[in-house]
Amino acid sequence: KNLDFKYSSEENYIFKDLNLKINKGEFIGIMGETGSGKSTFVDLILGIINPTQGNIYCDDINIFKNLNSWRKSVGYVSQFPYLLDASIKSNIAIGISEDKISEERILKCLEIANLKNFVLNLNNGLNTSIGERGAQLSGGQIQRLAIARALYKNPKILVLDEATASVDSKTQSKILEDLNKFKKIITLISISHNKDALIYCDKIYQLKDTKLILH
C-alpha cells in the first residue's frame with residue numbers, strides 16, 4: 001500500500017506509490033523486463049528488504065511487525081534452487097533434524113509436485129543422493145523438488161521467481177499445469193519475464209516506470 005522503494009546508494013526510485021491487492025487463493029503474475037525491479041519486488045514480498053515508504057500487509061497486519069510469522073507462511077521457488085549434495089529427503093526437509101522429518105508428508109509433497117513415482121522407483125527412494133547441485137536430476141526434476149520443498153512448509157502463499165525459466169517449454173507447461181491445481185488452495189505469485197509462464201494467472205501485472213500496470 002502506497003509503497004516507495006529505492007536503494008540507499010541510488011537516487012532513483014525503483015517503485016513509487018505502488019499499490020497492489022491480492023486476494024486469498026488468486027494466481028497473480030508479475031511481468032517485467034530486465035531492470036524493471038522484479039528481484040526487488042520479490043525481496044520486498046519476502047520481507048528481505050524494507051520499503052522506503054509505505055508498507056505490505058497481510059489481513060491488515062504489517063508483515064514487518066512479525067517477520068518470522070510471515071516467512072513461515074510463505075514458500076519460495078527460484079530459478080536456481082539451492083541444493084545440498086545429500087538425499088532427496090534431506091533436500092526437501094532442509095534444516096529439519098532427522099527425527100522430526102515426516103516421510104509421509106514428504107511423499108505427499110512429492111505427489112503434489114508430480115515427482116513421487118519417479119522417487120519411489122529409485123533404488124534408494126527418498127534416501128537417494130542427488131549429487132552436487134542436483135547432478136543426478138534433470139532441470140524439470142530439480143524444479144519439482146524445489147516445489148515439493150516449498151510445499152513441505154505448508155505455506156499459505158507460494159512465490160515463484162522465474163521458477164520455470166531454466167527448463168524447456170514442454171516441461172514448463174507440465175509444471176505450470178500442475179501448479180494451476182493449487183488455485184484457491186494456495187495464493188500463488190509468479191514473477192517472470194516470459195508471458196508463457198503466466199498463462200494460468202487470474203491477473204497479470206507489468207512492472208514499468210516504477211508502477212504496476214494491469215496487463
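Observations
- Antiparallel bridges, percent of DSSP beta bridges restricted to the chain (to nearest 5): 35
- Expressed as a fraction of 2.2 N^0.38 Å, the C-alpha radius of gyration for the range 42-180 is 1.12.
- Helix 103-112 vs. the chain, principal-axis angle (Cα, 0 to 90°, nearest 10): 60
- For the chain, the longest principal axis of the Cα atoms and the long axis of helix 139-152 meet at an angle of about 80 degrees.
- Choice from Asn123, Asn19, Asn114 with maximal GNM fluctuation in the chain (Cα, 10 Å cutoff): Asn123
- Comparing Glu11, Glu104, Glu26 in a Gaussian network model of the chain, where Cα atoms under 10 Å apart are tied by springs, the biggest mean-square fluctuation is seen for Glu11.
- Reachable aspartates and glutamates, given that their alpha-carbon falls under 13 Å from the alpha-carbon of Lys170 and they are not under 8 places away in the same chain: Asp178, Asp196
- The range 142-215: relative contact order as a whole-number percent, Cα under 8 Å and 6+ apart: 29
- Size of charge dipole - the chain - debye, nearest 20, with Cβ of Lys, Arg +1 and Asp, Glu -1, no other charges: 540
- Within the full protein context, the accessible area of Lys153 is estimated at about 100 Å² for a probe radius of 1.4 Å.
- Carbon + sulfur, % of accessible area of the range 115-174 - ligands and nucleic acids excluded, 1.4 Å: 43
- Relative contact order, percent, the chain [alpha-carbon distance under 8 Å, six or more residues apart]: 33
- Proximal lysines relative to Lys211, as straight alpha-carbon distance under 21 Å, when same-chain residues fewer than 8 apart are discounted: Lys1, Lys6, Lys16, Lys21, Lys38, Lys195, Lys203
- Centroid-to-centroid separation of the range 153-189 and the range 85-121 [C-alpha atoms, Å]: 18
The values are calculated or read from the model by the stated rules, or taken from the named source; none is laboratory data. Since this is a predicted model, take the numbers as computed values, not measurements. All Cβ positions, even for glycine, are placed from backbone atoms using ideal geometry, and neighbour counts span all protein chains on display. Note: areas computed on protein heavy atoms with side chains; ligands, DNA, RNA excluded. Shrake-Rupley method; radii C 1.70, N 1.55, O 1.52, S 1.80 Å.
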